[in-house]
Structure formats: structure tokens, C-alpha cells
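Participant: Attaching a single structure in C-alpha cells format; questions to follow.
Every number here is computed from the coordinates shown, using simple stated rules; none is lab data. These numbers come from a predicted model, not from an experiment. Reconstructed Cβ throughout: ideal geometry from the backbone, glycine too, with neighbour counts over all protein chains shown.
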Amino acid sequence: MIVELGHFALVLALGVALAQAVLPLVGAWRGWRGWMAVAEPAAVVQLMLVAVAFGALTWAFVTSDFSLRLVVLNSHTDKPMLYKISGVWGNHEGSLLLWVLILALFGACAALFGSQLPQSLRARVLGVQGLIGVAFMSFLLFTSNPFLRLVTPPFNGEDLNPLLQDPGLAFHPPFLYLGYVGMSMAFSFAVAALLEGRIDAAWARWVRPWTLAAWIFLTIGIALGSWWAYYELGWGGFWFWDPVENASFMPWLFGAALLHSAIVVEKRESLKAWTILLAILAFGFSLIGTFIVRSGVITSVHSFASDPERGVFILIILGLFMGGALLLFGLRASAMEAKGIFAMVSRESALVANNLLLAVASFVVFVGTVWPLVAELLWDRKLSVGAPFFNAAFSPFMIGLALLLPLGAMLPWKRAQAGRVMRQLLPVAALAFAVAALVYAMQTGRSALVPVGAGLGLWVVAGALLDLWTRTGRGAFAARLARLTRLPRADWGRASAHAGLGVTIFAVAAMNGWATEIIKVVQVGESFDLHGYQVKLAEVHEEEGPNYLSTSATMEVTRNGKAVATLHPEKRVYPVQAMPTTEAALDYGLFRDIYLVIGDPQESGGWAVRAYWKPFANWLWIGAGLMALGGLMSLSDRRYRVAAGARRAQAVAAE
Amino acid sequence: MRKALILLAFLASPAFAVQPDEMLPDPALEARARAISQLLRCPVCQGENIDDSNATISRDLRLLVRERLVAGDSDDAVVDYIVDRYGEFVLFEPRASGANWLLWLAGPGMLILGGGAAALWLRGRRQAPAPAALTPEEEARLREILKE
């Protein structure tokens, strides 16, 4: 019964979305206020209906209702409660329902908090948002209905893919979707602005928070996924340039570009057409990401749905939205007249360079991702594009970006003297060079990877700190220190996000250049050396978990006789899915992780053991965390809260 | 526990990535083998290199790589040897030949194009667009105002 209610609510939500799409758009076009006013209540009702549908599906998973096809395919009574719930979105149909729920959530937020927007703009934004809802709810109901019943329900389910039964992965998809779908707000604002034929600083002030929020969620989602891969897949890799990873990375890069170009629109009323185009492309790449994942055209470890019918449907959605938006852009973009005047050397130009590098880097990722498809279609060549290509073709743009960043961030608006900023940055550059040289001298190998990464990382981090410090102006040290705490949060956000990028760059280089790996057969009781640590395989035993069987080892890590950690790497078999997984055991540290994996028993006795020393692994997540934190601080900046404050003031006056 | 053992026996656990028994005694040669393995794609997996893959064929390929290295082949010769037999599909870094030039030049080409467009646009932004010339009516009106 509850399931049928959910199903019905979803069908109703589609109807509401249809109304939300058509009435406000027509109303805004003809200037009919009554029709425009439909947008807000429709968005709120749509959210409530989709929430009911999502709640019903969650209920079916929690109570293990095996009359539901989806629950049978993805759940099991023995599964822990956390994974019963995460099982709701650990599959194609459920994850799309989550997609639609988040879409409705963003729409309702825009309806509730958007009272400061001009009515026609708000009606158009919500109308476009409604159109996206119609497209995805039709997709859901017609090709991937999560509420299908079975005639003869089985006694138990087929369990969730054990690789997905993990806390890191339980929350990875919701964050990614919050990011993907968040880009839809930027898209809706862009299309609405094109329909209005007007774009100004106020528009940018509205678009930027939505983009920031989406970008923060994407950052967290990508970091969670990367962290999961790091500890779960068993060899400590954190990024594989897998098509599905690329699918989340492209919107992230475009989102980062959009964040920066929106600043130019907001502060200088320039770069308007480009910002609109970026907003359209950022969402377009989110859709392409969905297409890549859902259609299975580019096979990958992550695609749990490979169905041509669904692929074609998403391709049609993509074609309609991108085609429509880009056509509108072609017709109307020339009306977006730029106002600001600035010199070649100025922060505006630096932000253009930032956008160019981010967009081209994203383009490289895109071409590399679809190239196997293109080559097979056009030349019948079956080939692969993998990590070595991306490392070679993508990294130079990131290096260029990191080199320019501290300089660009400190250039003043309008007209700048590059020489002055460079003189300020000279100590930072000298420090970065010194550190790079020091690292090169200290390391044993001849690889330039880590020295370059360390120098570049330091350049970006120290540059960000210097940037923050120069914001405090001139005067006595104490006075400047006091001023530091009173700087706008956007300044702190900028410094944090930029420093986060620097930390990440260094961590990536250190992980790739310095990690030590040992693979060997170890007898029970035997010890081996791992980068200054001694690891002893104390014992191995079999164990039974809630829904798996496990071979669990006890390994003692010591350093010069002093105990460091006792770790329990496991090898698990999930009988229902007949799938083995490795559960690496990690001793996390600020400067290194010790990463142990137990393998198979050997015929000659003993066990295959893999042990890694991973330097600065946690700096990756710290870097990503700093970037997300920076976004959050920027989001909470006063100028975005002013609208809310003004509303409160109005309310008070009205009383 | 017996149930567990029977199950484990049935689920012949796959060989897990590089195994200790595959590795070469010579560390330099082994390091080269590992580097080469990371360039080669497991033919039956989804986007894994043979170094990380658990599939049997990846194990065979890893052993083949090491066999060729021990026989004295250079790194490139080993890769060629494998590509000749398994096709360019196993190569994770497409060779810059034929149409693949497009792939390799996509980034630099786009940078030059985009950079050129951006530079042109930036040059234009240095001055405000000249205000449109006055229409004859406006000029007439201006003269009137000035006369007054």
C-alpha cells in the first residue's frame, strides 16, 4: 500500500512539474502575473510529492519488501540497516529517484528563498527547473520505474554489490548528485536570463551561491569517492581516470570556472555571455555524466545500468536541453553587452586565463573519455584511453593554472602592474624554489615529480596566505592582525580554497612519486621491513560477519621495537553475490598511512601480503576539505546574506 | 565453519593483482615490469590495468611481460610484442598515430584557439566602444541647445 502511494505521488509530481514548467514560462512571456505565481507553490508541492515517493521506496528497503523488484535485486534481510538505506540509491532506479528528489529540493529552495528576485525572472527560473523535472520524471517512470512489483515475491533478496557496502560509498552518491543537480540551478538561471534578455550584477549574485553550493557538494562527493577507492579497492590508488570519475570531474572543472567568471559579472559586469555559456555547459556536462554512467556506452567498473533504451532517452534529454539552451544562447547572447573596461594586465584578464585553462582541461578530459567511442564509430578502431594519457595531457594545464594562481589572485581589478605584484610574490617564489631543490636533494630517486609538486604546492599555499595578508592593508603588525579577523568571509574562503588546491597538488605528487610497496609471501610469525617500520604477521583466522565470511589477519606494526599499531586486514566473501572483497587495514597518520592487505594462502605455506607506505595520503582529503571549506566560507559571505537581511527588515517594517 | 570452508572452496578466489610468485628476483627488472604493466589494459576487465587486475588473463600478461624482459627486450619492444598480439585495445596510452593525433592535439589546439580568441577580446576591452555618432536630428537639437 505504502509503495503504491509512493508510485502515485511520483506520477502526481510529474503532473505538477508539467504545470510548473508551462504556466510560469507562458505567464512570464505574456506578462500574466497569475500564471507566473503558480511557480512557487508548484515547486514546493513537487518537492513534497517526490519526498513521499522517495520515503515510500526507502520504507520498502528498510522493511525488506521483496514484492518490489528493485528491493529483491539490491537488498537482503541480513544486510546491516545502513546499507539497506543506502541500497535505495545504490542502483539505477533508486539513484534517479534521488536525482529527482534533489532537483525538486533545489527548486523548492529557489521558490522559498527567491522572494527578492524579480517576479518574471523567478517564474522563468522555476519554469526551466520544472522542465528538467518533467524530463527526468518521465525518464524515471517510463524506462526505470523503481516501484514495479513482482507477481511471486521470493523469500530473500540478491544483496547489494559488496563493494558498495561501505560507509564511504553510502554517502558518495548523494553528495555527487547534490553537485550535479545543483548545476541545474545555474542552468535555469542562465536560460531564464537569456529569455529575459538581461543579465546584471544582481543576476550573478544569485547564480554564484547556487554554483558555489553545487561545487562544494561535488568537491565533497568526489573526495569521498576517491577516499573509498583508496581504502577499499586494495592497492591504495585514489584516482583512475575511469569514465565515471571523469563524468564527475568535468562538471567540477566547469563549476570552478563558472564560480570565477561569475565574480567578474558580479563585480565588473563583464564576461556575461561567457558566464551564461559556462552555466549551460556545466549542467550539460552533468547530463553527459549521467549519460555516460547510465547508458554504459563506455563500460566501466561503476556502471550498474547498461541499457540502450535508457541511454537513448538520456541522449534525447541532453540533446533537447543543450540544443535548446545553446540555440537560445546563439540568438540572444549578443544582447549581453559587456560594460567593464580593463587593461590586458588586470584581475579580469587573470580570471579569463583561469577560465581558459579550466575549460581546456575539462575539454581534454571530455575528449579522452569519449575518444574510444569516437574511434570505434568513425574508424572502427578499438582502443583505450587511460591514466597515462590523462596524466600526460591534463597535468600541464593544472601546472599552468597553479603557476598563474597566486599572481592572478593578487592583481587588482581594471589595471594592474604585473611587476609590483611579482615583487610582492618574490619571497614566496624563492621559498618554493628552495623547497623544490631541498626535496630533490633529499629524495633518493631522480624523479622530478615530487620536487615540482612540493614547489608548486608551496607556491600556491604561501601565495594564498600572502594574498590574505596583503588584504589587511598597511600599518602595524598588530593592527593588521586585528584586521585579518574582520576580513570578509569571501576573502578567507578564497585563501582556503586556493590553499586547498596547493595542498592537493603536493599530495598527488607525493603519493605518486614516493609511495613504497612491498609484495611478498610471509609466514605466520614472520616480520618484514616497510620503510622504517617492521610489520609482523601475528596470526590469521576465519571469521563470520553478518552477511559475509572473512579471512582476518592480525599484523603488528612496530618502529624500532616500539608498537605503532595492530592492524586487521581482511579478505571477505559475500556468499549471496559470490563476490570476494579485500578490506585493507590502515594506520592513518598525518605524514603517512600504513596500508596492509592480506592475500591468498600459498601452497608453500604462508600468506601473500601487500604492504604500502603512503606518504601524505591524508593531505589529499585535507586539500579537498580546505577547498570545500573555502567554498562554504565564500557562500556565507555577507553580500549573499544581505538579501535575507533585507527581507527581514521589510517584514519588520510591514508589522 | 564447515559451511564457510565449503563456500570458500567453491568461490575459487581470483588471483589478487601482482602475486609474490610472479615477481622477478632482479629489482630493476621487476620495477620495469611494474611500470609496463601499468600501461597495459586488462583485455576482459572494465578499465583496469593488468597490474591491478585480478583476472587470469592479466596474470598471464604480467608473466609474459616479465618473460620478455628476462629475454632482454627493451620496454618498447615488450609493449609492441603485447600490442601485436592483443591489439591496440590493451594500450592505455593511445599512440600518436593517424587519427589519434586529434586526441593528442585536442588540448593544445583548444588552448591556442581559446587563447587567441580571449586575447582578441581582451584587447577590445581596453577601451569603451566609441559612443555612436549623433543622428542628424540629435545634432540639430544640440545646436539649438547650444544657441540658447
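Participant: Hey, which lysines would be in cross-link range of A:K571, C-alpha to C-alpha under 20 Å, not counting anything within fewer than 8 residues on its own chain?
Facilitator: Partners within reach: A:K79, A:K520, A:K536, B:K3.
Participant: Taking the Cα centre of the protein assembly as shown as origin and charging only Cβ (+1 Lys, Arg; -1 Asp, Glu), how large is the dipole, in debye to the nearest 20?
Facilitator: Numbers: 64 positive and 60 negative charges, 810 e Å.
Using only the charged Cβ atoms, the result is roughly 3880 debye.
Participant: Here's another thing I want to ask about it. By its C-alpha gyration tensor, with a ≥ b ≥ c as the square roots of the eigenvalues, how is chain A shaped: rounded for a/c under 1.5, else prolate for a/b larger than b/c, else oblate? Walk me through the intermediate numbers first.
Facilitator: Working: a/c = 1.91, a/b = 1.12, b/c = 1.70.
Oblate, since a/c reaches 1.5 and b/c is not below a/b.
Participant: Something else: Quick one: net charge around A:D65, please, counting Lys, Arg +1 and Asp, Glu -1 for every other residue with C-beta under 13 Å from its C-beta. Walk me through the intermediate numbers first.
Facilitator: Values: positive: A:R69, A:K84, A:R149; negative: A:E4.
Residues close to A:D65 contribute a combined charge of +2.
Participant: Here is a further query. Could you tell me the calculated FRET efficiency between B:L102 and A:A343, based on Cβ-Cβ distance and R0 = 51 angstrom, to the nearest 0.05? Please report the intermediate quantities before stating the final value.
Facilitator: Values: r = 36 Å, r/R0 = 0.71.
E(calc), rounded to 0.05, equals 0.90.
Participant: Roughly how many debye, to the nearest 20, is the charge dipole of region B:22-90 about its Cα centre, given +1 on each Lys and Arg Cβ, -1 on each Asp and Glu Cβ, and no other charges? Each step should come with its number before you reach the end.
Facilitator: On the way: 8 positive and 14 negative charges, 29 e Å.
So the magnitude is around 140 debye.
Participant: Give, in nm to one decimal, the length gained when the segment between A:V374 and A:A479 is fully stretched (0.36 nm per residue of separation minus the Cα-Cα distance). Working shown, then result.
Facilitator: Numbers: separation 105, 0.36 × 105 = 37.80 nm, distance 6.03 nm.
Full extension of this stretch gives 31.8 nm more.
Participant: Once you have a ≥ b ≥ c as the square roots of the Cα gyration tensor eigenvalues for region A:516-617, tell me rounded if a/c is under 1.5, and otherwise prolate or oblate according to whether a/b is larger than b/c.
Facilitator: Numbers: a/c = 2.02, a/b = 1.51, b/c = 1.34.
Prolate, since a/c reaches 1.5 and a/b exceeds b/c.
Participant: On to the next question. As an exercise, use a Förster radius of 35 Å and the Cβ-Cβ distance of A:E603 and A:V564 to find the FRET efficiency, rounded to the nearest 0.05.
Facilitator: Working: r = 32 Å, r/R0 = 0.91.
E(calc), rounded to 0.05, equals 0.65.
Participant: Could you tell me which GluC sites (Glu not before Pro) in region A:488-543 are loop residues by DSSP with no more than 16 other beta carbons within 10 angstrom of their beta carbon? It would help to have the intermediate numbers written out before the result.
Facilitator: On the way: sites: A:E517, A:E526, A:E539, A:E542, A:E543; in loops: A:E526.
Passing sites in region A:488-543 are A:E526.
Participant: One-quarter of the Cα convex hull surface for region A:1-165, in nm²?
Facilitator: Working: hull surface 39.4 nm².
Seen from a random direction, the Cα hull of region A:1-165 projects 9.9 nm² on average.
Participant: Find out how many positive minus negative residues lie around A:G473, taking Lys and Arg as positive, Asp and Glu as negative, among other residues whose Cβ is under 9 Å from that of A:G473.
Facilitator: Numbers: positive: A:R471, A:R474, A:R480, A:R483; negative: none.
Cβ neighbours under 9 Å give a net charge of +4.
Participant: Then there's this: Using the count of nearby Cβ atoms within 10 Å as a rough guide to exposure, how do B:C42, A:C109 rank from fewest to most? Kindly include the intermediate steps, with their values, before the conclusion.
Facilitator: On the way: B:C42 22, A:C109 16.
Lowest count first: A:C109, B:C42.
Participant: To make sure I understand the rule: partners must be aspartates and glutamates, Cα under 19 Å from the Cα of A:K84, and not fewer than 8 residues away in the same chain. Which ones qualify?
Facilitator: Correct list for A:K84: A:D65, A:E93, A:E158, A:D159, A:D166.
Participant: What average count of beta carbons from other chains do you get within 10 Å of the Cβ of residues in A:350-361? Mind showing how you got there, number by number?
Facilitator: Details: counts 0, 0, 7, 3, 0, 2, 8, 3, 0, 3, 10, 3.
Per residue, the average neighbour count from other chains is 3.
Participant: Sort A:W215, A:W241, A:W59 by Cβ crowding within 10 Å, fewest neighbours at the top. Let's see the in-between values first.
Facilitator: Details: A:W215 28, A:W241 20, A:W59 15.
Starting with the residue having the fewest Cβ neighbours, the order is A:W59, A:W241, A:W215.
Participant: Which whole-number percentage describes the relative contact order of chain A, with Cα contacts under 8 Å and a sequence gap of 6 or more?
Facilitator: Details: 1184 pairs, mean separation 71.7, N = 655.
Computed over chain A, the figure is 11 percent.
Participant: While we're here: What lysines sit close enough to A:K272 to cross-link, taking a C-alpha to C-alpha distance under 17 Å and skipping anything fewer than 8 places away on the same chain?
Facilitator: The qualifying lysines are A:K339, A:K414.
Participant: Name the trypsin sites (Lys or Arg not before Pro) in region A:423-491 that are in a loop by DSSP and that have at most 14 other C-beta atoms within 10 Å, would you? Write out the running numbers ahead of the final one.
Facilitator: Working: sites: A:R423, A:R446, A:R471, A:R474, A:R480, A:R483, A:R486, A:R489; in loops: A:R446, A:R471, A:R474.
Counting only loop positions with at most 14 other Cβ atoms within 10 Å, the trypsin sites (Lys or Arg not before Pro) in region A:423-491 are A:R446, A:R474.
Participant: Hey, another quick one. Per DSSP H run of n ≥ 4, the term is -39500 (n - 2.57); total these for chain A, divide by its residue number, and report the mean residue ellipticity at 222 nm rounded to 500 deg cm²/dmol. Walk me through the numbers before you get to the answer.
Facilitator: Numbers: 21 runs with 428 residues, N = 655.
Computed ellipticity for chain A at 222 nm equals -22500 deg cm²/dmol.
Participant: For region A:585-618, run through the chymotrypsin sites (Phe, Trp or Tyr not before Pro) and keep only the ones in DSSP coil with at most 16 other Cβ atoms within 10 Å of their Cβ.
Facilitator: Those satisfying the criteria are A:Y588, A:F591.
Participant: Here is a further query. Please turn the phi angles of region A:311-316 into ³J(HN,Hα) values with the Karplus equation 6.51 cos²θ - 1.76 cosθ + 1.60 (θ = phi - 60°), one per residue in order, whole Hz, x for glycine and proline.
Facilitator: Karplus values, whole Hz, x for Gly and Pro: x, 5, 4, 5, 4, 5.
Participant: Shape verdict for region B:22-90, please, from the Cα gyration tensor: rounded (a/c under 1.5), prolate (a/b greater than b/c) or oblate. Write out the running numbers ahead of the final one.
Facilitator: Details: a/c = 1.98, a/b = 1.34, b/c = 1.48.
Oblate, since a/c reaches 1.5 and b/c is not below a/b.
Participant: What is the dipole size for region A:516-617, taken about its Cα centre, with +1 at each Lys and Arg Cβ and -1 at each Asp and Glu Cβ, in debye to the nearest 20? Kindly include the intermediate steps, with their values, before the conclusion.
Facilitator: Values: 9 positive and 14 negative charges, 85 e Å.
Rounded to the nearest 20 debye, it is 400 debye.
Participant: Set the Förster distance to 22 Å, then compute FRET efficiency between A:L404 and A:L438 from the Cβ-Cβ distance, nearest 0.05.
Facilitator: Values: r = 24 Å, r/R0 = 1.09.
Efficiency computed from Cβ-Cβ geometry: 0.35.
Participant: Let me ask another. Would you please put A:463-470, A:12-19 in order of how densely packed they are, using the mean number of other Cβ atoms within 10 angstrom per residue and starting with the highest? Display every interim value, and only then the final one.
Facilitator: Values: A:463-470: 19.6, A:12-19: 21.1.
Descending packing order for the listed peptides: A:12-19, A:463-470.
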